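Undergrad: Can you read through this structure? Questions will come right after.
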Amino acid sequence: MALFESKNEHALDKNGLIPAHIAIIMDGNGRWAKKRMMPRVYGHKEGMNTLKKIAIHAQDLGVKVLTLYAFSTENWKRPNDEVSFLMNLPIDFFDVFMPELIENKIKVTTIGWIDELPEKTKKIVQNAVERTKDHEGMILNFAFNYGSRQEMTEAIKNVAEKVQRKELSAEDVTEELVSQEMFTGFLNEYQDPDLVIRTSGEIRISNFLLWQIAYSELYFTDEYWPDFSPKSLDQAIATYQHRNRRFGGI
Ligand code: FPP
């Protein structure tokens, strides 16, 4: 367990408070593979399998929204081979996992600049969103080509333009309105994550949902993402259940 977590492991209370929105920074795929003397992309492939298991488990626990940081606006800086492998993963994922998504009534959504993805990736993602749009189970929300500062910059621009066109006055700019301008606006009461998990021992947020996590509980674990199991998720939620969220009150 990383910094700030007590050594006392808590047991999950399945009838207790389950975070409605969990957001995960799935980190450590490369290191996981390296430890096994395998190429980094092998870690991403295994990370995709972890993602499937965690999505099903989260849905079983009653989580409403699971947001996964799959590709950041900064990840384009990686070697071409790795970027193209990561861009092909959604194709594999939705090809194989679609029947389970349908069976579990999971609804796929995205945040980020999907239009900038390679055509084939974009199509498969849009197809998954379209095919699951009427599902009423958990929302599986992929952050693809997502960056939080860019998201906020875009939101500010949109609001400024509305003011310029006199559709809004400066006094109308409230927190709710700003939230609505974020990619996560469509999540309504579930826009802000209750719990953010980062794997692999890194203690940072890396441009993920900076506006939305103002009051989120943060949980860091040393496990690499491919090793993160349903039991690890239970542990994260159990820790969350023992936190005392005050939202600035006492
Ligand atoms: C960070 O690990 C992980 C990523 C940049 C990609 C995460 C993607 C997946 C887990 C699979 C996604 C699957 C679908 C269907 C979208 P890292 O490469 O930075 O690991 P390192 O820090 O050990 O190098």
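The values are calculated or read from the model by the stated rules, or taken from the named source; none is laboratory data. In this text the structure is predicted, and so the values were computed from the model without any measurement. Using ideal geometry, Cβ is built from the backbone for each residue, glycine included, and neighbour counts are taken over all protein chains shown.
Undergrad: Give me the pairs: first residue in segment 23-34 and under 25 Å from M138 (Cα atoms) and in contact (Cβ under 8 Å) with a residue 60 or more places away in the chain, second residue assigned to a strand (DSSP E or B) and β-branched (V, I, T), beta-carbon distance under 8 Å, and six or more apart or on different chains, which are they?
TA: Taking only residues 6 or more apart or on different chains, the pairs are A23/T67; A23/V196; A23/I197; I24/T67; I24/V196; I24/I197; I25/V196; I25/I197.
Undergrad: Under 7 Å between Cβ atoms, which residue pairs at least 6 apart in sequence (or on different chains) link something in segment 104-126 that is at positive phi with a partner that is surrounded by fewer than 21 Cβ atoms within 10 Å (Cβ to Cβ) and not small (G, A, S)?
TA: Taking only residues 6 or more apart or on different chains, the pairs are K105/H135; K105/E136.
Undergrad: While we're on this one: With segment 50-164 as the region, which helices (runs of 4 or more DSSP H) entirely inside it contain at least 1 residues that are within 16 Å of the ligand (Cβ to nearest atom), over 29 Å from D194 (Cβ atoms) and among the hydroxyl-bearing types (S, T, Y)?
TA: Fully inside segment 50-164 and qualifying: 80-103, 119-131.
Undergrad: When you look at A214, is it free of Cβ contacts under 8 Å to residues at least 40 places away in the same chain, part of a loop (DSSP other than H, G, I, E, B) and farther than 24 Å from I106 by Cα, yes or no?
TA: So A214 fits the description; yes.
Undergrad: (1) part of a loop (DSSP other than H, G, I, E, B); (2) of a type in the set (G, A, S); (3) without any contact (Cβ under 8 Å) to a residue 40 or more places away in the chain: which one isn't true of G185, the others all being true?
TA: It is condition (1) that G185 fails.
Undergrad: While we're on this one: Among the candidates E161, E136, which residue alone is farther than 30 Å from R245 by Cα and surrounded by fewer than 15 Cβ atoms within 10 Å (Cβ to Cβ)?
TA: Going through E161, E136 in turn, the sole match is E161.
Undergrad: Need pairs with beta-carbon distance below 7 Å; first residue modelled with pLDDT of 95 or more and within segment 76-89, second among the hydroxyl-bearing types (S, T, Y) and surrounded by 15 or more Cβ atoms within 10 Å (Cβ to Cβ); sequence gap 6+ or separate chains.
TA: M87/T121
Undergrad: Which of (1) among the basic types (K, R); (2) surrounded by 17 or more Cβ atoms within 10 Å (Cβ to Cβ); (3) farther than 29 Å from L187 by Cα is the odd one out, the single condition K35 does not satisfy?
TA: All conditions pass for K35, except number (2).
Undergrad: I would also like to ask the following. When you look at H44, is it over 29 Å from E151 (Cα atoms), in a helix (DSSP H, G or I), under 16 Å from the mean Cα position of the chain (by Cα) and not polar (S, T, N, Q), yes or no?
TA: So H44 does not fit the description; no.
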